[in-house]
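Here the structure is laid out as structure tokens; the discussion comes afterwards.
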């Protein structure tokens, strides 16, 4: 997303990267469940959530933000979201950065937020067999996906699920204040399975 007057170091989006251990269906199921949990945690903090495939193994959950705080404050917010998600299923998900410390758990990656950090952009073609695409999807479509590589350069859409994302930008300052006050929802058990 490009601001009319971009301010470097003051992000207008936060990304949580869900990167499963492998390309198996079971790993992607856990990744999908984590995405739904990210959405719930963001909602508890008053933030919007949009999801996209990476075209590789995982998913990215994007949260549009008002450009109010610097990139390190957004990273702090992303870390808090990731920690809350990982706490919902600590046997499956972790925020431990070192691979050796993950013990076979999926990394809920908050590190895409910060100075000089990168994340794959929507509709990027990935260098994989079949030319999969990093594709924004609706939350309804998410439960129908078999893998993150389901969309290829052959995809056609009437409308992008990220259309209008900027209209849903919310205050990271308010979300951080909620966290500082110990608000923003409890850490319940994981939500798993199909969503209705």
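Relative contact order, percent, of the stretch 116-179 when contacts are C-alpha pairs under 8 Å separated by at least 6 residues?
For the stretch 116-179, the relative contact order is 25 percent.
What nm value, rounded to one decimal, do you get for the distance between residue 157 and residue 66 when each label is placed 7 Å out toward the C-beta?
Here the modelled spin labels are 2.7 nm apart.
Fully extended, how many nm does the chain gain between residue 168 and residue 125 (0.36 nm per residue separation, minus their Cα-Cα distance)?
Additional length available on full extension: 12.8 nm.
Show me the ranking of peptides 124-134, 70-80 by mean Cβ neighbours inside 10 Å, starting with the highest.
70-80, 124-134
Relative to 2.2 N^0.38 Å, what does the C-alpha radius of gyration of the stretch 13-180 come to as a ratio? Two decimals please.
Normalised by 2.2 N^0.38 Å, the Cα Rg of the stretch 13-180 equals 0.99.
Please rank 106, 52, fewest neighbouring Cβ atoms within 10 Å first, as an exposure proxy. Mind dumping the intermediate values first?
Working: 106 23, 52 27.
Least crowded to most crowded, the residues run 106, 52.
Assuming a ≥ b ≥ c are the square roots of the Cα gyration tensor eigenvalues, decide whether the stretch 1-77 counts as rounded (a/c under 1.5), prolate (otherwise, with a/b larger than b/c) or oblate. Could you put the intermediate results ahead of the total?
On the way: a/c = 2.61, a/b = 1.91, b/c = 1.37.
Here the stretch 1-77 falls in the prolate category.
Below 8 Å between Cα atoms, with a sequence gap of 6+, how large is the relative contact order for the chain in percent?
Reported as a whole number, the value is 29 percent.
In whole angstrom, note down how far apart the Cα centers of the stretch 18-45 and the stretch 89-153 are.
With the stretch 18-45 and the stretch 89-153 each reduced to a Cα centre, they are spaced 9 Å.
Read-outs throughout are calculated quantities, based only on the coordinates presented, and are distinct from any laboratory measurement. Every value quoted in this text rests on a predicted model; they were computed, and no experiment measured them. Every residue, glycine among them, receives a Cβ derived from its backbone with ideal geometry; neighbour counts consider all protein chains shown.
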